[in-house]
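First comes the structure, then the notes that go with it.
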Amino acid sequence: MTRVYRAHVFHIAGAPAQDDVASHLVSLPDGALVVDADGRVAWVGPYASLPEDYATTPVTRADYLLPGFVDGHIHYPQSYATAAHGGGQLLEWLDHCIFPTEGQFADPEFAHRAARYFTRRRIAAGTTAAMVFGSAFPVAQDALYEETLKAGLRIVSGRGVQTVGPAAASSLLTGEKEAIDLVADEIDRWHAVDTGDPRTARVQVGIVPRFSLSVTRETLAAMGELYDEARGKGVYFHSHLNENNRKGDGEIAAVLGAYGTETYLDTYDGRFLEGSKVGGRTLLGRRSTLAHAVHCQPSELARMAETGTSIAHCPTSQLFLGSGTMPWRATVAAGVNIGLGSDIGAGDEWLISRVAGDAYKVHISEEGDAGTALHPAELLFAATLAGARALDMEHAFGNLDAGKDADFLLIDKNLWEPLEGMLTTGIRSDDEDQATLEELFTLLVGLRQPAIAAVYVQGREAIAPPL
């Protein structure tokens, strides 16, 4: 059934470069989004200009309408681990909090409850699409995909691959052959299971090693071969890069020490032999996303841009673990696409608009000339269209252009009193264009989950599963 949604509509139209998003910002104070019976955007524009064909179409009202949020990096088996006190930075936190937490997902009953919880939290936060770092256990991955399909959300996931690791991670480790066999089986059973076509599917699969320290050269070589076979099916690659740079014994130092490569990125680029010599096939490409990328060398940024590899920027998590700040302007200037990731559970915030708010705070505080006040359109782009681009699904969602799938949020400011107060009585510029930017900024930074009145994917409301 065709329906009209009337609200203040904000989105980033078209397919702009990351340094040109401000000119593509669309604001329709009294806007209309027409969703057809197939769940696609049939028309968007001022309500006063609504085409005659839709004059008698049922209308749903809201205060604001935004494209659905895209979470570019979130850990399903860390759903219950937010705000966990790890007593240190990344590697200590993994040992003390995360490896034991993730081991619980071997229990089928626990895994199914966690999959429902994870799905409920996504809907509450308006996350219509997500790149999800999966569990090591097939039973938990099956539960995740099943609940995602029931709820009508979009997901890219893959079991977390670990073939080596500390004693705390022993329950998560597999042998080399078993690791690859499990990933191949997950691809066969779940990739594009709903439509059979990766350009339209809501459920898709990736190859997902935790990070280079969790695998060996043999694992990387085998994953490269598997990925080479699976690329044509639209399979993804996802992992972590350059998150913690503690001198001597941090993540980056440990990776470079273990592999003897010139850069961390080389380990994913098939150059994992001593001296960055080629030992296998690259895992980089337009369906590859690397989380964090806080401490990249210029050559790494250039290589990611060259291959179309995206970054999932996780400022909330980086603050929590003391990982530092990804240099925003330098990364954008290198030509790398940057989406946002909550990084639940090192991130302690599910709502991507709040992650965008943290991005604003950390980048305005960068030292010297690197400091920058991100434009409100940049924040909206990073939370929506950039994430769709990272998933190579920009043709299907990420904004409200006619013909795309209708993935969007309805926001009712009266459901969260502080938001209503900020938006209704906050000071605005006398200049109309500037006032629009101020309103969008307040909406994104001030938004909280209770104000998200409804979440739609392909024009159908996402329904949270019961616990």
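The values are calculated or read from the model by the stated rules, or taken from the named source; none is laboratory data. These figures come from a predicted structure and were not determined experimentally. Note that each Cβ is placed from the backbone with ideal geometry, even for glycine, and that neighbours are counted across all protein chains shown. In case anyone asks, the SASA skips ligands and DNA or RNA and just uses the protein heavy atoms, side chains included. Shrake-Rupley method; radii C 1.70, N 1.55, O 1.52, S 1.80 Å.
Listed values, structure above:
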{"item": "Strands (runs of 3 or more DSSP E) enclosed by the range 309-426 - at least 2 residues per element that are under 16 Å from Ala15 (Cβ atoms) and either open to solvent by less than 10 Å² (accessible area, probe 1.4 Å) or not charged (D, E, K, R) (or both)", "result": "338-340"}
{"item": "Failed condition for Ala302, given (1) open to solvent by less than 30 Å² (accessible area, probe 1.4 Å); (2) among the hydrophobic types (A, V, I, L, M, F, W, C); (3) more than 23 Å from His24 (Cα to Cα)", "result": "(1)"}
{"item": "Residue within the range 87-97 that is outside any helix (DSSP H, G or I), in contact (Cβ under 8 Å) with a residue 40 or more places away in the chain and over 27 Å from Ile338 (Cα atoms) present", "result": "no"}
{"item": "Looking only at the range 240-254, and only at residues there that are open to solvent by 10 Å² or more (accessible area, probe 1.4 Å) and assigned to a helix (DSSP H, G or I), the one that is farthest from Gly324 (Cα to Cα)", "result": "Ala254"}
{"item": "Qualifying residue in the range 361-379 (condition: β-branched (Val, Ile, Thr) and without any contact (Cβ under 8 Å) to a residue 12 or more places away in the chain)", "result": "yes"}
{"item": "From the options Ala37, Ala62, Ala48, residue that is over 30 Å from Glu243 (Cα atoms), in a strand (DSSP E or B) and either charged (D, E, K, R) or modelled with pLDDT of 95 or more (or both)", "result": "Ala62"}
{"item": "Checking Leu290 against (1) assigned to a loop (DSSP other than H, G, I, E, B); (2) open to solvent by less than 20 Å² (accessible area, probe 1.4 Å), the condition it does not meet", "result": "(1)"}
{"item": "Of all residues in the range 1-56 being within 21 Å of Glu378 (Cα to Cα) and of a type in the set (S, T, N, Q), the one that is surrounded by the fewest Cβ atoms within 10 Å (Cβ to Cβ)", "result": "Ser23"}
{"item": "Number of the condition not met by Leu419 [criteria: (1) of a type outside the set (Phe, Trp, Tyr); (2) in contact with a helix residue (DSSP H, G or I) (Cβ under 6 Å, 6 or more places away or on another chain); (3) more than 22 Å from Phe381 (Cβ to Cβ)]", "result": "(3)"}
{"item": "Residue among Ser317, Ser342 that is at pLDDT 95 or above, among the hydroxyl-bearing types (Ser, Thr, Tyr) and touching a Leu at 6+ places or on another chain (Cβ under 9 Å)", "result": "Ser342"}
{"item": "Residues of the range 224-247 classified as out of contact with any Lys or Arg (no Cβ under 9 Å at 6 or more places or on another chain) and more than 19 Å from Gln318 (Cα to Cα), total", "result": "5"}
{"item": "Considering residues of the range 1-34 that are modelled with pLDDT under 95 and outside any loop (DSSP other than H, G, I, E, B) only, the residue farthest from the chain's Cα centre (by Cα)", "result": "Asp19"}
{"item": "Checking Asp197 against (1) open to solvent by 10 Å² or more (accessible area, probe 1.4 Å); (2) touching a Gly at 6+ places or on another chain (Cβ under 7 Å), the condition it does not meet", "result": "(2)"}
{"item": "Test: residue in the range 101-114 that is open to solvent by less than 20 Å² (accessible area, probe 1.4 Å) and on the phi > 0 side of the Ramachandran plot", "result": "no"}
{"item": "In the range 147-182, the residues that are touching a Lys or Arg at 6+ places or on another chain (Cβ under 7 Å) and among the polar types (S, T, N, Q)", "result": "Gln162"}
{"item": "Scope the range 426-450; condition among the β-branched types (Val, Ile, Thr) and modelled with pLDDT under 95; matching residues", "result": "Ile427"}
{"item": "Residue count, the range 264-287 (criterion: open to solvent by 10 Å² or more (accessible area, probe 1.4 Å) and either among the aliphatic types (A, V, I, L, M) or part of a loop (DSSP other than H, G, I, E, B) (or both))", "result": "10"}
{"item": "Residue tally, condition over 16 Å from Tyr264 (Cα atoms) and among the acidic types (Asp, Glu), over the range 282-318", "result": "1"}
{"item": "Residue that is among the small types (Gly, Ala, Ser) and without any contact (Cβ under 8 Å) to a residue 40 or more places away in the chain, where the choices are Ala13, Ala22, Ala17, Ala83", "result": "Ala17"}
{"item": "Test result for Ala230, in contact (Cβ under 8 Å) with a residue 24 or more places away in the chain, out of contact with any Phe, Trp or Tyr (no Cβ under 8 Å at 6 or more places or on another chain), open to solvent by 10 Å² or more (accessible area, probe 1.4 Å) and of a type in the set (Gly, Ala, Ser)", "result": "no"}
{"item": "Complete set of residues in the range 367-408 that are more than 16 Å from the chain's Cα centre (by Cα) and under 24 Å from Trp328 (Cβ atoms)", "result": "Glu367, Gly368, Asp369, Ala370, Gly371, Thr372, Ala373, Leu374, His375, Pro376, Ala377"}
{"item": "Filtered residues of the range 318-355 (kept if among the polar types (S, T, N, Q) and over 13 Å from the mean Cα position of the chain (by Cα))", "result": "Gln318, Ser323, Thr325, Thr331"}
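Every residue, every condition in (1) part of a helix (DSSP H, G or I); (2) over 19 Å from Gly72 (Cα atoms); (3) open to solvent by 10 Å² or more (accessible area, probe 1.4 Å); (4) in contact with a Cys (Cβ under 9 Å, 6 or more places away or on another chain), yes or no:
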{"position": "Arg120", "(1), (2), (3), (4)": "yes, no, yes, no"}
{"position": "Gln141", "(1), (2), (3), (4)": "yes, no, no, no"}
{"position": "Leu182", "(1), (2), (3), (4)": "yes, yes, yes, no"}
{"position": "Asp185", "(1), (2), (3), (4)": "yes, yes, yes, no"}
